[in-house]
Amino acid sequence: MIRFTTSGESHGKALVAIIEGIPAGLKINQEYINKELSRRQQGYGRGKRMLIEQDKAEILSGVRHQRTLGSPITLLIPNKDYKNNQDIMSPFSYTKVVKPLLKPRPGHADLPGLIKYGLEDVRDILERASARETAARVAVGAVCKTFLKEFKIDIMSYTLQVGNVISDVSAVQKGEFWKNVETSSLKCPDIKAELQMRRLIDRVLKKGDTLGGKVVVVAKNVPIGLGSHTQWDLKFDGRLARSLISIQAVKSVEFGLGVKLAETLGSAAHDEIFYSKKNGFYRTTNRAGGIEGGLSNGEPITITCTMKPLPSLVNSLTSVNLETKKMSKAEVVRSDVCAVASLGVVCESALACEIASAFKEKFGADSLNDIKNNFNSYNKRQKAL
Ligand code: EPS
């Protein structure tokens, strides 16, 4: 198993992540981790906070002379904005009076969080609920992606939709697709749609509102047989869905054809099986999104995630003052208009961690070389079929 935990508040001193289960002998490249962190920070529609932060991860443990030791890996990402919030976030004494935030924002963890934890200041909840935490997940994801790359497993994502603007993916030339995604300010392969998305973001910003959207995340070269049909909590789609739906603001996760399956006939909903001596078993469609019966089937894992419009609104919604119990507008705090482009990178990371974990369970060992041996012998068995 590979597992991780994160810690840290949005405007506190730093975010921390501890990853356990990465095998020994994996070469870690700090620049790659920082590149992934920077990809997450980009995107048209992000707020002013992104002008303050330039995320970099410091490795505190688990890596020696660029190689993993098999021990827990600790990553630390300082929050540059801490210096502007030292009184607000001080663990002990503070010099200035810090006014509590008393009007919970609908759609956030503010109200249920305060009630559950018996606290009074909305900030006590929002600091940890903030999507700033996803920076730590991306640092973890970069380590897991590094592990998966040893087995040629690649994970990428693109923006399918922002608000009501949908990219016409079929109109994009195959050779241009991923090039467009990485150069697009919204990670959108369809350049025309990207322009419309940007205009929409500009209009919505002026109104003090926010936008959601959809991203598609794809994992290529995942071997057949990750996950299992034998028990509910071993099913691969269930595991991947949990890792993705736990990302801040993600409200739905669809595999392959997803919700379209409701209106599709059975004869057009599945991926027929073919065989050739050269390719072994193969498919000509991937409607299942690479998972059948809770097991990866060797096709690209293809998942669409929907993000709700961010609930921190400049034109804020109706709420109640916690002290007076009088109707009031919710707190207005700095935020983004649209974070869909960042979501893609976070989804890649979440997927990388869960795939890496299932991969290690299947081919498990403490050293990377032992895992490679197990993987090669499994591939040999498959080829002999
Ligand atoms: C967020 C609010 C904004 C975002 C933040 C997520 O932060 P702030 O309140 O400091 O302006 O910028 O995202 C990040 C800081 C980040 O690194 O992605 C929220 O409320 O979730």
For this session: Test residue 38 against the stated conditions and say whether it is among the hydroxyl-bearing types (Ser, Thr, Tyr), under 29 Å from residue 333 (Cα atoms) and within 13 Å of the ligand (Cβ to nearest atom).
Result: yes
Problem set entry | Set 129, 135: member being within 14 Å of the ligand (Cβ to nearest atom) and under 30 Å from residue 180 (Cβ atoms) | 135
Problem set entry | Count of residues meeting criterion [surrounded by fewer than 21 Cβ atoms within 10 Å (Cβ to Cβ) and near the ligand (Cβ under 10 Å from one of its atoms)] in region 322-347 | 3
Seminar exercise, completed: Apart from one, (1) modelled with pLDDT of 95 or more; (2) within 11 Å of the ligand (Cβ to nearest atom); (3) not charged (D, E, K, R) all hold for residue 85; the odd one out is (1)
Exercise. Quick one: would you say residue 359 is of a type in the set (A, V, I, L, M, F, W, C), free of Cβ contacts under 8 Å to residues at least 24 places away in the same chain, surrounded by 15 or more Cβ atoms within 10 Å (Cβ to Cβ) and out of contact with any Cys (no Cβ under 9 Å at 6 or more places or on another chain)?
Worked result: no
Exercise. Out of (1) out of contact with any strand residue (DSSP E or B) (no Cβ under 9 Å at 6 or more places or on another chain); (2) at pLDDT 95 or above; (3) not in a helix (DSSP H, G or I), the odd one out for residue 95 is which?
Worked result: (2)
Exercise. If you go through region 299-321 one residue at a time, do you hit one that is surrounded by 10 or more Cβ atoms within 10 Å (Cβ to Cβ) and at positive phi?
Worked result: no
Exercise. When you go through (1) at pLDDT 95 or above; (2) not in a helix (DSSP H, G or I) one by one for residue 378, which number turns out not to apply?
Worked result: (2)
For this session: Look at region 31-81 and say how many of its residues are crowded, with 19+ Cβ neighbours inside 10 Å and among the hydroxyl-bearing types (Ser, Thr, Tyr).
Result: 2
For this session: Identify all residues within region 65-77 that are free of Cβ contacts under 8 Å to residues at least 40 places away in the same chain and either over 17 Å from residue 147 (Cβ atoms) or touching a Leu at 6+ places or on another chain (Cβ under 8 Å) (or both); write none if there are none.
Result: 65
Problem set entry | All positions within region 231-267 that are out of contact with any Lys or Arg (no Cβ under 7 Å at 6 or more places or on another chain), surrounded by fewer than 13 Cβ atoms within 10 Å (Cβ to Cβ) and touching a residue at least 40 places away in the same chain (Cβ under 8 Å) | 246
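The values are calculated or read from the model by the stated rules, or taken from the named source; none is laboratory data. Owing to the predicted nature of the structure, the values given are computational and were not obtained by experimental measurement. With ideal geometry, Cβ positions are generated from the backbone for all residues, glycine too; neighbour counts draw on all protein chains shown.
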